[in-house]
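Undergrad: There's a structure below that I have some questions on.
The values are calculated or read from the model by the stated rules, or taken from the named source; none is laboratory data. The structure presented is a predicted model; accordingly, all values stated were derived computationally and were not measured. Don't worry about glycine lacking a Cβ; one is built from the backbone with ideal geometry, like all the others, and counts go over all protein chains shown. Note: areas computed on protein heavy atoms with side chains; ligands, DNA, RNA excluded. Shrake-Rupley method; radii C 1.70, N 1.55, O 1.52, S 1.80 Å.
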Amino acid sequence: MARSRSASSSSSRPPAASDPPAPLPTEFLTGPRVFARRLAPTDPVAWRYLGVTVLSAALSGVAYAALVSPAVNLAASVAGGASPLLVHVTNAVGGAFLAMFTFLLMWLLGWLGAGRAGRAAEVYGASFALLPPLYLLVTAVAFLTPRDAWMPAAGALAGSDNQAVQRLALAGLARTPAAFLLLAVTMLGTAAQCALSFPAFRELTGRPGRALLGALLPLVPALAVGFIALAPLLFQR
């Protein structure tokens, strides 16, 4: 009889509540505060949005490699030198590395500013969902840029070595819409990530001052890394 009552009481207990699902990274773009409210009851997981960060970094490298690829190909065809494929891969990997470094920088400085409650790794990780469509657009515009828009004069190429040909071609590519678009995505996209992080940090921390620090501390260093990534192109203007 006692066993029956015990079984009855145990069966009447409500089931344990399951952990709430974490919001998708795209939800950060539509409403950072709502995203933060949905994120708050979940367990902190620093690598939760690492996938979208890696995707954004990879597309960043592809966009840069696509933009400068005509200069690499022209230099190889006119003056010889390293294999164009190897240079394209190096450019893509280098661009991706700097994008991942930017994420780590934003994570660290965001954590210093907003504190542990701000969950900077997840907030800034989700913010990278803004960039993949923009990098795909840059890549498409780069491939659609006509040769006449950047091609150096034939006389300037005569007798030039590999590095000189690349510099001349990059100077032309730096004036194309694709180069301007990549610069805008890199700089304005980073600024937008930091701006969107402020309401999320404020919701998570409940402290506007800490939220502002979490959004502002990474801004200048992240912009500096973006500038360094584009320096080989920018300095040809």
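Undergrad: I'm checking my understanding of the structure. Among residues of the stretch 121-139 that are farther than 18 Å from residue 41 by Cβ and touching a Gly at 6+ places or on another chain (Cβ under 8 Å), which one is surrounded by the most Cβ atoms within 10 Å (Cβ to Cβ)?
TA: Per the criteria, the residue is 124.
Undergrad: Also, quick follow-up: Suppose the filter is within 26 Å of residue 62 (Cα to Cα), open to solvent by 50 Å² or more (accessible area, probe 1.4 Å), touching a helix residue (DSSP H, G or I) at 6+ places or on another chain (Cβ under 6 Å) and part of a helix (DSSP H, G or I); does residue 213 pass it?
TA: No: the conditions fail for residue 213.
Undergrad: What are the residues in the stretch 94-106 that are aromatic (Phe, Trp, Tyr) and either surrounded by fewer than 20 Cβ atoms within 10 Å (Cβ to Cβ) or closer than 16 Å to residue 139 by Cβ (or both), if any?
TA: Of everything in the stretch 94-106, those that are aromatic (Phe, Trp, Tyr) and either surrounded by fewer than 20 Cβ atoms within 10 Å (Cβ to Cβ) or closer than 16 Å to residue 139 by Cβ (or both) turn out to be 97, 101.
Undergrad: Another one. Pick out, from the stretch 1-93, the helices (runs of 4 or more DSSP H) lying fully within it that include 3 or more residues that are open to solvent by less than 40 Å² (accessible area, probe 1.4 Å) and either closer than 30 Å to residue 230 by Cβ or modelled with pLDDT of 90 or more (or both).
TA: The qualifying helices (runs of 4 or more DSSP H) are 32-39, 50-79.
Undergrad: Just to check your reading of the model, which residue among 142, 184 is exposed (fewer than 14 other Cβ atoms within 10 Å of the Cβ) and either free of Cβ contacts under 8 Å to residues at least 60 places away in the same chain or outside any loop (DSSP other than H, G, I, E, B) (or both)?
TA: None of the others qualify; the one that does is 184.
Undergrad: Every residue in the stretch 163-181 that is polar (S, T, N, Q) and crowded, with 17+ Cβ neighbours inside 10 Å, please.
TA: Of everything in the stretch 163-181, those that are polar (S, T, N, Q) and crowded, with 17+ Cβ neighbours inside 10 Å turn out to be 166, 176.
Undergrad: I need the full set of residues from the stretch 216-232 which are hydrophobic (A, V, I, L, M, F, W, C), buried (at least 19 other Cβ atoms within 10 Å of the Cβ) and in contact with a Gly (Cβ under 8 Å, 6 or more places away or on another chain), in order please.
TA: Passing the criteria: 217, 229.
Undergrad: Out of all the residues in the stretch 98-119, which are over 15 Å from the mean Cα position of the chain (by Cα) and assigned to a helix (DSSP H, G or I)?
TA: Correct list: 108, 109, 110, 111, 112, 113, 114, 116, 117, 118.
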